[in-house]
Every structure is written in structure tokens, then in C-alpha cells.
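Have a look at the structure below before the remarks.
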Amino acid sequence: MPKLYLLGASCSGVSTLGAVLAERLDVPQIDVDDYYWMPTDPPFSVKRDPEERVRLIGARQEIAEGWVLTGSFMGWGDALVEDVDLIVFIHTPTPIRLERLDRREAQRHGARILPGGDMHRSHLAFRDWASRYDDPSFSGRNRVQHERWLEAQGAPVLRLDGQRPVGELATKVLEALPRPTDRSNH
């Protein structure tokens, strides 16, 4: 069974494509955000210790023959993809990502992110953070960091345009997967 790692900017389509691929391949999707953040209300406010994240994700990977790992772990999770078959980098233009972010956050949190809501400030801060991905001087997660990381990887890297339909992207990933005989070579 294949082991895939998908990454990109927030709302680039990584989790959505990951879910489609996990279903098509009949393997679990392991989303980094599920382990990065402690379960809190409001959500996404308390980070889990990096060693604990790696331990929890690694344990989940060990019980599955194959998996689709989605999300970013810059600076703390390289051990999670030591035996990955394919790395998929999705790039989506910022205006499209921000539209997706606004839709997703409204669906998830409703009035809580509106002015006066208990999550309004954190929503605006997250939106600002996500909007700066293509800025090479941004100290948060950015494209330059991802590109540098991708260049250092030994596994094959597939680059996709996140504006394309998810079904088309999934087909491209499945076509790019190394054949079983190729997997033993890395």
C-alpha cells in the first residue's frame, strides 16, 4: 500500500485531496492538524508538544500498511516521511485560498468568527497568517520554506495546481505513484 505525503499552504486543497486519495486507496488519512493542536474550545488555540505530535502520528502510521499524511510539519516532523513513496505539493493562488478559508471557517464556526464573536480576532489573525504564504520574508510557514524542504527530499515530488478539480488531481497522483517494484528502490 502506498504512503503519501501532501503539503501546501493553508486552504490549498491538501486535506480535500488527501481525503479523496485515502478513500480511493482504502488507507487512512492522517491530518497533521488533528495532532498539532490540543482539543480545546475555541479550537486551534493550544499547541501539542512536537515530540508528542510525532509520537502520536507515528503510532497511527505504524498500524496502517499505507496512509495519506496531510498538512505541514516544517521543523518538527521529518521522521514521519522517511519511507514515503510520493510527496505531493499543491500550490493554489492566495485569492482562491482565502475564499476557501472564509467558506470553511464560516461552515465550521458560524457566527463565532463574525465581529463580536469569541473567535473573531483569532479568525482575522489566521486569515492574515494564511495570506502571507507567498511572501518570502514572512517568518511563518511560507512557500520558500516548503520549496527548500522539497529540494532536500529523496522521495519523488509531484507538483499540482490546486485550482484544478480534485478528481483530476487525484488521478494525477495515482498515475504518479511508483509501481510496487519501484518502491523497494528508495
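Can you name every residue in the range 8-56 that is under 17 Å from the mean Cα position of the chain (by Cα) and among the hydroxyl-bearing types (Ser, Thr, Tyr)? Answer for the range 8-56, where residues must be under 17 Å from the mean Cα position of the chain (by Cα) and among the hydroxyl-bearing types (Ser, Thr, Tyr): Ser10, Ser12, Ser15, Thr16, Tyr35, Tyr36. Selection within the range 40-61: residues that are modelled with pLDDT under 95 and closer than 25 Å to Val20 by Cα. The member of this set that is surrounded by the fewest Cβ atoms within 10 Å (Cβ to Cβ) is Phe44.
Close Cβ contacts (under 7 Å, 6 or more residues apart or on different chains) running from residues in the range 53-77 that are within 14 Å of Tyr35 (Cβ to Cβ) and free of Cβ contacts under 8 Å to residues at least 60 places away in the same chain to residues that are surrounded by 20 or more Cβ atoms within 10 Å (Cβ to Cβ) and basic (Lys, Arg) comprise Trp76/Arg53; Gly77/Arg53. Against the condition modelled with pLDDT of 95 or more and either assigned to a strand (DSSP E or B) or farther than 27 Å from Arg164 by Cα (or both), how does Gly110 come out, does it pass? For Gly110, the condition - modelled with pLDDT of 95 or more and either assigned to a strand (DSSP E or B) or farther than 27 Å from Arg164 by Cα (or both) - is met.
Residues of the range 131-147 include none that is of a type in the set (A, V, I, L, M) and buried (at least 18 other Cβ atoms within 10 Å of the Cβ).
Of these, Phe89, Phe44, Phe126, which one is in contact with an Asp or Glu (Cβ under 8 Å, 6 or more places away or on another chain) and either at negative phi or part of a helix (DSSP H, G or I) (or both)?
Just one listed residue meets the conditions, Phe126.
Regarding Ala106, is this residue aliphatic (A, V, I, L, M) and touching a helix residue (DSSP H, G or I) at 6+ places or on another chain (Cβ under 9 Å)? So Ala106 passes the test.
The values are calculated or read from the model by the stated rules, or taken from the named source; none is laboratory data. Just so we're clear, the structure is a prediction, and the values are computed from it rather than from any experiment. Don't worry about glycine lacking a Cβ; one is built from the backbone with ideal geometry, like all the others, and counts go over all protein chains shown.
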